[in-house]
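Some notes on the structure that comes next.
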Amino acid sequence: MKSNKKFYMVREDMLPNSIVKTAMVKEMLAGGEADSINEAVDRLQMARSTYYKYKDGVFPFFNAENMNIINISLLLRNVSGVLSSVLNCIANLQGNVLTINQNLPLHGVAYVTLSMSMEDILVPVDDILDKLQDIDGVINVELIGKS
């Protein structure tokens, strides 16, 4: 089910102080600069109730924690168009490739790892792996991580 909430990208100096401080508290907690919410809000001289009011609506520009991401390892034949076919398959499934790392081909094969967002994909991960495995030139596909 897709959320109907809108998101806006706003420059920090345009935001009210309470929103900026809420983001700072979250960064302090994530980075280990504060051990608790109480410690972080005290250091920023912020009311705890203000933090709780905004915490669920304030996010950093890119937050992988809020995304459903899978990491896949592929072994591909060193033939023109194989990687392109893999990427087209993912695009056709509404997947969004976040990172690609391809090693130089050795003995006619290349190792590729990629991370992709599963936010808009409606098929199970196993089906994605099967579809990728069926591509001509794909020797092996493995799920190596999920977050």
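Observations on the structure shown:
- Yes/no for Val112 being closer than 18 Å to Leu129 by Cβ and in the same structural domain as Gln133 (by TED's automatic domain parsing): yes
- Residues that are surrounded by fewer than 13 Cβ atoms within 10 Å (Cβ to Cβ) and at pLDDT below 95, drawn from the range 108-129: Asp120, Leu122, Pro124, Asp126, Asp127
- In the range 81-103, the residues that are at pLDDT below 95 and assigned to a loop (DSSP other than H, G, I, E, B): Leu93, Gln94, Gly95, Asn103
- Residue count for the range 113-140 satisfying the condition of being more than 18 Å from the chain's Cα centre (by Cα) and either at positive phi or not polar (S, T, N, Q) (or both): 12.
- Hits in the range 1-56 (condition: of a type in the set (Lys, Arg) and part of a loop (DSSP other than H, G, I, E, B)): Lys2, Lys5, Lys6, Arg11, Lys55
- Test: residue in the range 36-54 that is more than 23 Å from the chain's Cα centre (by Cα) and farther than 30 Å from Pro16 by Cβ: no
- Residue tally, condition in a strand (DSSP E or B) and buried (at least 16 other Cβ atoms within 10 Å of the Cβ), over the range 130-147: 2
- Residue, farthest from Leu87 (Cα to Cα), within the range 33-75, restricted to residues that are among the acidic types (Asp, Glu) and at pLDDT 90 or above: Asp42
- Criterion (loosely packed, with under 12 Cβ neighbours inside 10 Å and in the same structural domain as Tyr111 (by TED's automatic domain parsing)) met by exactly one of Ser84, Ser73: Ser84
The values are calculated or read from the model by the stated rules, or taken from the named source; none is laboratory data. Here the structure is a predicted model, which is why all the values come from computation and not from measurement. Reconstructed Cβ throughout: ideal geometry from the backbone, glycine too, with neighbour counts over all protein chains shown.
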